[in-house]
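Q: Please find one structure pasted underneath; my questions will follow.
Quick note: the coordinates plus some simple rules give every number you see, no bench work behind them. Only a predicted model underlies this, so the values are computations on that prediction, with no experimental measurement involved. Cβ placement follows ideal geometry from the backbone for every residue including glycine, while neighbour counts extend to all protein chains displayed.
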Amino acid sequence: MPEDFENFPKIPIDPAVDTGNPAQPSEKISCEKFIGQAMVDYESPLIGYASTILNDPDRARDVVQDTFTRLCQQDIAKVLGNLKPWLFTVCRNRALDILRKEKRNQPLEEIRWKKVAGPGLQPDEQADHQERLAQLTIYLDRLTSNQREVIILKFQQGLSYQDIRKITGLTTGNIGFLIHTGLKRLREILPPDLRS
């Protein structure tokens, strides 16, 4: 991460402004606190997402680190209302830049995406959840890369069509079509125990 956060100027944020995190109380926060909370909320999902593009967890961590470095350089007021899509867009663009630079244009072909288990799951439930996700990944690999990406963004990351449009550059109609056809294909190929 960038140098010491103590050197960052304190930027007051209007308490009426949504920081993008419903769990965070609406109070004046500093740039340091805002970026720290963004890291807590989005670092793991961003690493998982970048891993789906790069198929390399180490490079994914580097991309996410670069994403947060770029967030530190932004005017916080400009990203407040759209923090999650902004982070995913920067992360995606940086990952794709790396692929282009390395001339490895095989985006999402051999993915192993994962979802961080929710905080309410017990260890045995987490293990079962992770096992089901690993099995589901095998079937997701049978989808086209566009179908796989929009399904991951929609259902794993919980993004809206508009946010996915901002990240991928696809039209909302195209996103809807890709999700519909991808889910239809998954229903055809998934075994009954994974359909729930």
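Q: Between Asp58 and Ser145, how high is the FRET efficiency from 1/(1 + (r/R0)^6) when r is the Cβ-Cβ distance and R₀ = 22 Å? Nearest 0.05.
A: Calculated value: 0.55.
Q: Which ordering of Cys31, Cys72, Cys91 is given by a fewest-first count of other beta-carbon atoms within 10 Å?
A: Fewest-to-most Cβ neighbours within 10 Å comes out as Cys72, Cys31, Cys91.
Q: Determine the gain in length on full extension of the stretch Thr69-Val40; use 0.36 nm per residue of separation and subtract their C-alpha separation, reporting nm with one decimal. Please list the in-between numbers first.
A: Numbers: separation 29, 0.36 × 29 = 10.44 nm, distance 1.46 nm.
That works out to 9.0 nm of additional length.
Q: I would also like to ask the following. Would you calculate the separation in nanometres between label points at Leu80 and Phe177, each defined as 7 Å from the Cα along the Cα-to-beta-carbon direction?
A: 3.9 nm
Q: Can you put Tyr42, Tyr161, Tyr49, Tyr139 in order, fewest other beta carbons within 10 Å first? Provide the component values of the computation, followed by the final result.
A: Numbers: Tyr42 23, Tyr161 18, Tyr49 26, Tyr139 15.
Ordered by Cβ neighbours within 10 Å, fewest first: Tyr139, Tyr161, Tyr42, Tyr49.
Q: What is the order of Phe34, Phe177, fewest Cβ neighbours within 10 Å to most?
A: Phe177, Phe34
Q: Once both labels are modelled 7 Å past Cα along the beta-carbon direction, what's the Thr137-Gln162 spacing in nm?
A: 3.3 nm
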